[in-house]
Amino acid sequence: MERCAWAGSSPEYVAYHDDEWGVPLHGDDALFERLSLEAFQSGLSWITILRKRQNFRAAFAGFHLATVAAYDDTDVRRLLADSGIVRNRAKIEATIANARTALAMPEGLDRFLWSFAPDQPRRPPPFLADVPTTSPESIAMAKELKRRGFRFVGPTTAYALMQATGMVDDHVATCWRAGAVTLP
């Protein structure tokens, strides 16, 4: 099976590519996890985050919005001492603040984020170099997330979230997964 070029460098990437990346994902907690992990990835490699993912899930109570939103200074100290995650105070505090903001959204995080998904799927990019890092939709999503008070959510992070959660399908044309998933 031919895969996107980035997916063959480690077993973690192969599994992530084959089973998750580009597959439509729903649920406020599930999308909060992906949004948080994309924010933690900022400035780091995605493989670092994938390898620490189970530790992140344990540290952030499975990314259950109400639980994370209730975290306090004691939890921040606990997280800063947890060598199993990325110990960046700004990102930890942003994750907690983002949980509070998401929990207060009347439409819910799922409906809000998916409102930025393109209406029509596009053709698979021919080559990895043709995969964009932002889109008009990700720019709009990031702008609205920031307006609502979210942190660590620029257009590139928003686009990575869209790729990861199946809002866009950026599997290259020669990849066995290209076009294999349809939007809900």
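The long axis of helix 89-103 is offset from the longest Cα principal axis of the chain by roughly 80 degrees. Compared with the direct C-alpha span, the chain from residue 119 to residue 76 gains 11.5 nm at full extension, assuming 0.36 nm per residue.
For the chain, the longest principal axis of the alpha carbon atoms and the long axis of helix 155-164 meet at an angle near 70°.
With 0.36 nm allotted per residue and the present C-alpha distance subtracted, the residue 143-residue 156 stretch has 3.5 nm of extension available. Before anything else, pin down the relative contact order of the chain: Cα pairs under 8 Å, at least 6 apart, normalised by residue count, whole percent. Once divided by the residue count of the chain, the mean separation gives 32 percent. Neighbour counting of Cβ atoms within 10 Å sorts the residues 159, 16, fewest neighbours leading, into 16, 159.
One Cα centroid belongs to the stretch 1-79, the other to the stretch 99-150; the line between them spans 17 Å.
Every read-out reported here was derived from the displayed coordinates using simple, explicitly stated rules and does not represent laboratory data. What you are looking at is a predicted structure, and each value in this text was computed from that prediction instead of being measured. No Cβ is skipped: glycine too gets one built from the backbone with ideal geometry, and neighbour counts run over all protein chains shown.
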